[in-house]
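Take a look at the structure below.
The values are calculated or read from the model by the stated rules, or taken from the named source; none is laboratory data. No experiment lies behind these values; they were computed from the predicted model shown. Using ideal geometry, Cβ is built from the backbone for each residue, glycine included, and neighbour counts are taken over all protein chains shown. Ligands, DNA and RNA are excluded from the accessible area calculation, which covers all protein heavy atoms including side chains. Shrake-Rupley method; radii C 1.70, N 1.55, O 1.52, S 1.80 Å.
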Amino acid sequence: MSQTIRHPGILEIARREGKVTVEGLAEHFGVTLQTIRRDLTELAEAGRLERVHGGAILPSGTTNIGYEERRSLNQEAKRAIARGCAARVPSDISLFLNIGTTTEAVAQELMHHLNLMVVTNNMNVANILVANRDCQIIVTGGTLRRSDGGLIGNLASETIRQFKFDLAVIGCSALDADGDLLDFDIQEVGVSQAILRQSRRTFLVADHSKFQRSAPARIASLAAIDAFFTDRPLAPDLARRCTDWGTEIVVCA
């Protein structure tokens, strides 16, 4: 297989998994370890990947990948996470759902919940839940981010401060080794922090690719989250911290 075919394939795996390994790629493409190391070096020199011990990760940055690409990544994992999370969302509550492709997947799983009042700053979530006639939908208002249908800024935060939610389900762009939830948009971070303050309980939904990504703005610590729904176990050190914090980890398959 030629380099011109391998490079796009390597990048696709990196976007899907968050990280690639030399051994895994060599087996996948049927080439030598040396060939893969050379491919990763060339992709790193071009700024497409960042080399780490044993492989490479997506480069750290200050901007998120595009919405359509995010929506297509790890779809099965997001559906499993959404099912696991929705199973823990009772009927007859007030619920906040924020911006993100995984929270949109959660909305899809709430079609048979009864007597929900859902507040959201995600136009996509609102459009999904229109199909549930037992769901009252309140949209926060705010500045529309055309790239993903998110509503951000002071107006969104001010609306959120008028409520006290029984439960919030939120996503994030990245999760670092210290257990900090990270995002790319400072205005979105402010909205997420307002959600945390106004919610009696909070669930985080994020697939494993967020473990290998980085973003510049901190939302909060996993210590502020009641339950984290994901598709793979956390690193042992972080799992121990979550136990100390009282943060439940739910691995959804």
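What relative contact order, as a whole-number percentage, does the range 115-230 give when Cα pairs under 8 Å and 6 or more residues apart are counted? Computed over the range 115-230, the figure is 23 percent.
By the rule of a C-alpha distance below 30 Å, with chain neighbours fewer than 8 residues away ignored, the lysines paired with residue 19 are 78, 210.
Counting DSSP beta bridges in the chain, what percent are antiparallel, to the nearest 5? The answer is about 40 percent antiparallel. Backbone geometry of the range 188-205 corresponds, through the Karplus equation with coefficients 6.51, -1.76 and 1.60 at θ = phi - 60°, to 3J(HN,Hα) couplings of 5, 4, x, 5, 4, 5, 5, 4, 4, 5, 9, 10, 5, 9, 9, 10, 9, 10 Hz, x marking Gly and Pro. 3J(HN,Hα) along the range 38-54: 5, 4, 5, 5, 5, 5, 5, 5, 8, x, 8, 9, 10, 6, 9, 4, x Hz, from the Karplus curve 6.51 cos²θ - 1.76 cosθ + 1.60 with θ = phi - 60°, whole Hz, x for Gly and Pro. Exposed loop sites, defined as trypsin sites (Lys or Arg not before Pro) outside DSSP H, G, I, E and B with at most 12 other Cβ atoms within 10 Å, are absent from the longest region of the chain, namely 1-132. Using the Kirkwood formula over every pair of different C-alpha atoms, what hydrodynamic radius in Å results for the range 71-216? Here the Kirkwood hydrodynamic radius works out to 15.1 Å. The sum of -39500 (n - 2.57) across all DSSP H runs of n ≥ 4, divided by the residue count of the chain, sets its helix-only mean residue ellipticity at 222 nm to -11500 deg cm²/dmol. Using a 1.4 Å probe on the protein chains only, how many percent of the accessible area of the chain belongs to carbon and sulfur? Accessible surface attributable to carbon and sulfur in the chain totals 49 percent. With the convex hull constructed from alpha-carbon coordinates only, the chain shows a mean projected area of 13.5 nm² over all directions.
Amide H contacts for residue 52 (H built 1.01 Å from N in the peptide plane; partners 5 or more residues away or on another chain; cut-off under 5 Å): 57. The mean of 1/r over all pairs of different alpha-carbon atoms in the range 148-215, once inverted, gives a Kirkwood hydrodynamic radius of 12.7 Å. Each Cα pair under 8 Å and six or more residues apart adds its separation to the average, and for the chain the resulting relative contact order is 17 percent.
Available extension along the chain between residue 117 and residue 248 is 44.7 nm, counting 0.36 nm per residue and deducting the alpha carbon span.
Applying 1/(1 + (r/R0)^6) with R0 = 45 Å to the Cβ-Cβ distance of residue 134 and residue 237 gives a FRET efficiency near 0.60. Amide H contacts for residue 138 (H built 1.01 Å from N in the peptide plane; partners 5 or more residues away or on another chain; cut-off under 5 Å): 118, 119, 120.
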